[in-house]
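The values are calculated or read from the model by the stated rules, or taken from the named source; none is laboratory data. This one's a predicted model, so the numbers in the text were calculated from it and none came from an experiment. So basically every Cβ, Gly included, is an ideal-geometry build from the backbone, and we count neighbours across all protein chains shown.
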Amino acid sequence: MRDLILFCKALSDPTRVRIVKLLCMTEACVCELCDALEISQSTLSTHLQVIRQAGLVATRKKGTWIYYSIDPTIMGLLETLFAHNQDALSSDRRMETDKQRMQQRTALREAGECLLGFDVLQTGKEVK
């Protein structure tokens, strides 16, 4: 029962749904997620903690960056859930903006890795 409650809690907030939806699309580091979602690192960290507690994400560390991705064992469930709610999700303009911003942000990777830091889409330059 605890796992079900944590899962529902993880998806009970619009920002967390946006985060999970982006992570279904691609693996991302914190700075990429912050830029794509236009939220602060502290806000993102708070939401990621809830998502991690629910067991929805896997992490890997590369240098100073931690990359988040959806745990492969939960991906099918999330895809089904999102497909079932496609009309509601597609009516939220933020979801499309998030997707476009994430695509812009991940296009800036070098050799598949983020090396740029925060606020790249806002300023066009690195801010660490």
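One residue alone among M102, M95, M75 is surrounded by 14 or more Cβ atoms within 10 Å (Cβ to Cβ) and in contact with a Cys (Cβ under 9 Å, 6 or more places away or on another chain), and that residue is M75. For region 79-86, state whether one or more residues are part of a helix (DSSP H, G or I), in contact with a helix residue (DSSP H, G or I) (Cβ under 9 Å, 6 or more places away or on another chain) and within 19 Å of L11 (Cβ to Cβ). Within region 79-86, one or more residues are part of a helix (DSSP H, G or I), in contact with a helix residue (DSSP H, G or I) (Cβ under 9 Å, 6 or more places away or on another chain) and within 19 Å of L11 (Cβ to Cβ). Taken over region 87-125, the residue count meeting the criterion of being among the hydrophobic types (A, V, I, L, M, F, W, C), in a helix (DSSP H, G or I) and at pLDDT 85 or above is 4. Reported count of residues in region 13-34, each being closer than 20 Å to G63 by Cα and not aliphatic (A, V, I, L, M), is 6. If you take the residues in region 24-40 that are charged (D, E, K, R) and over 20 Å from T73 (Cα atoms), which one is surrounded by the most Cβ atoms within 10 Å (Cβ to Cβ)? Restricting to residues being charged (D, E, K, R) and over 20 Å from T73 (Cα atoms), the top hit is E32. The C-beta contact set for region 69-92 (first residue on the phi < 0 side of the Ramachandran plot, second residue in a loop (DSSP other than H, G, I, E, B) and not hydroxyl-bearing (S, T, Y), distance under 8 angstrom, 6+ apart or interchain) comprises S69/E27; I70/L56; D71/G55; D71/L56; I74/G55; I74/L56; L78/L56; L81/L11. R16: closer than 19 Å to L4 by Cα, surrounded by 13 or more Cβ atoms within 10 Å (Cβ to Cβ) and not aliphatic (A, V, I, L, M), yes or no? Taking the combined requirement at face value, the residue satisfies it.
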